[in-house]
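Have a look at the structure below before the remarks.
No lab work stands behind these numbers, since they all come straight from the coordinates. Quantities reported herein were computed from a predicted structural model and do not represent experimental measurements. Here the Cβ positions follow ideal geometry from the backbone for every residue, glycine too, while neighbour counts run over all protein chains shown.
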Amino acid sequence: MNTNSTTRDHYDQAREHYERAELVEAIPHYSRVIELSSDSWYLFRAHIDRGDCYWKLADATDAPEGALQLALADYQQATPHRPDSAASYVGLGLVYESLGDYAAALDALDHAITVNPSSVDAYINRGILKEERLGWFESAIEDYDRGIELLIAAEDEHPAYIDRIRARRSSLIAKAAR
């Protein structure tokens, strides 16, 4: 049996489930990729994607037991495979925020920006953390502005996403002015 082919097949099946929001069904395929592969790219992607599944399922009624802890473990295991990628650090930040550890969330998101200063997700999620959890309105506005700048500069404009960030930013400016 060709392990690379089997790994790719499981990864493709996992992605198909993930893209259809069938997260519970995607998890065993990501787990199989992790079991089978020694390829750093597959290990990184499978840990990130499985972590995303667990994180997204954490509040669902059919969530696996300890979903946030499982997501945390996946993001931590992804990091050595691509230490220069912001994705695992953004994931860690989201999980730490969900767990109520805002200092660790901020550290993870700061690190994501250190390894990739062009990470829109890191800036936007750090802005949300600063706004909603820490009450640092001015700093949150700066992060939203930077996220918008990066989206526009990358010509990766998603008008609805940019509009949501701008609306959040405007609301925050009004809140800060009170």
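Table for the structure above
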quantity	calculated
Subset of the range 158-177 (residues that are in a helix (DSSP H, G or I) and not hydrophobic (A, V, I, L, M, F, W, C))	Pro159, Tyr161, Asp163, Arg164, Arg166, Arg168, Arg169, Ser170, Ser171, Lys175
The range 135-178 - residue that is under 19 Å from the mean Cα position of the chain (by Cα) and of a type in the set (Lys, Arg) and, of those, farthest from Asp121 (Cα to Cα)	Arg164
Hits in the range 56-110 (condition: β-branched (Val, Ile, Thr) and in contact with a helix residue (DSSP H, G or I) (Cβ under 7 Å, 6 or more places away or on another chain))	Thr79, Val90, Val95
Residue in the range 137-155 that is farthest from Tyr102 (Cα to Cα), counting only those that are surrounded by fewer than 17 Cβ atoms within 10 Å (Cβ to Cβ) and free of Cβ contacts under 8 Å to residues at least 24 places away in the same chain	Glu155
Failed item, numbered, when Ile124 is tested on (1) within 16 Å of the chain's Cα centre (by Cα); (2) closer than 25 Å to Arg50 by Cβ; (3) surrounded by fewer than 22 Cβ atoms within 10 Å (Cβ to Cβ)	(3)
Qualifying residue in the range 57-71 (condition: over 24 Å from Gly127 (Cβ atoms) and of a type in the set (Val, Ile, Thr))	yes
The range 82-103, residues that are more than 15 Å from the chain's Cα centre (by Cα) and free of Cβ contacts under 8 Å to residues at least 24 places away in the same chain	Gly100, Asp101, Ala103
Any hit, the range 60-81, residues being in contact (Cβ under 8 Å) with a residue 40 or more places away in the chain and aromatic (Phe, Trp, Tyr)	no
Only listed residue being over 22 Å from Trp41 (Cβ atoms), of a type in the set (Lys, Arg) and either touching a helix residue (DSSP H, G or I) at 6+ places or on another chain (Cβ under 6 Å) or touching a residue at least 40 places away in the same chain (Cβ under 8 Å) (or both), chosen from Arg126, Arg166, Arg178	Arg126
